[in-house]
1. If I ask for residues that are of a type in the set (D, E, K, R), surrounded by 12 or more Cβ atoms within 10 Å (Cβ to Cβ) and in a helix (DSSP H, G or I), which ones from region 41-65 would you list?
2. Here is a list of conditions, (1) at pLDDT below 95; (2) over 11 Å from the mean Cα position of the chain (by Cα); (3) at negative phi, and Gly82 meets all of them except one; can you say which number that is?
3. Where the second residue is among the basic types (Lys, Arg) and part of a helix (DSSP H, G or I) and the first is more than 13 Å from Thr14 (Cβ to Cβ) and in contact (Cβ under 8 Å) with a residue 12 or more places away in the chain and lies in region 35-46, which pairs have Cβ atoms under 8 Å and are six or more apart or on separate chains?
4. Quick one: in region 1-24, which of the residues that are of a type in the set (A, V, I, L, M, F, W, C) and either within 13 Å of the chain's Cα centre (by Cα) or closer than 15 Å to Asp52 by Cβ (or both) is surrounded by the most Cβ atoms within 10 Å (Cβ to Cβ)?
5. Does region 25-50 hold any residues that are more than 14 Å from the chain's Cα centre (by Cα) and modelled with pLDDT of 95 or more, and which are they?
6. From (1) under 11 Å from Ala55 (Cβ atoms); (2) loosely packed, with under 14 Cβ neighbours inside 10 Å, pick out the condition that doesn't hold for Tyr38.
Amino acid sequence: MITVDELRERFGKTWEIATDLALGVAAWRHTDVTNARYKAGLVNVLRGWDLDELAQKLAEQDDRWREHAGAAPPAPKPRVLGGSTSAGP
């Protein structure tokens, strides 16, 4: 049985893992997939009943990414949360 820490260590660069759902666990990509990649079977959000099921789905997505893109999923771009980065008016 995989732990949350193991799941985050293995997939955390590409996926955000959520365990506080009413039912099951989920993950969403840090970077959205393109329409072409979506048609190839890649998705932005996954859900599983438990961590083991989610780990299997995440591994399948990584495999599909490599098949489609020929490389590992990209590292996430930095995000600015909570407003503007400007110094003022």
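The values are calculated or read from the model by the stated rules, or taken from the named source; none is laboratory data. Treat the numbers as computed from the prediction; the structure is a model and nothing was measured. Cβ sites come from the backbone with ideal geometry, for glycine too, and all protein chains shown count toward neighbours.
1. Asp52, Glu53, Lys57, Glu60, Asp62, Arg64, listed by residue number.
2. Condition (3) is where Gly82 drops out.
3. Short answer, once both residue conditions are applied: Ala40/Arg64; Gly41/Arg64.
4. So, considering only residues that are of a type in the set (A, V, I, L, M, F, W, C) and either within 13 Å of the chain's Cα centre (by Cα) or closer than 15 Å to Asp52 by Cβ (or both), the one surrounded by the most Cβ atoms within 10 Å (Cβ to Cβ) is Trp15.
5. Scanning region 25-50 gives Trp49, Asp50.
6. (1)
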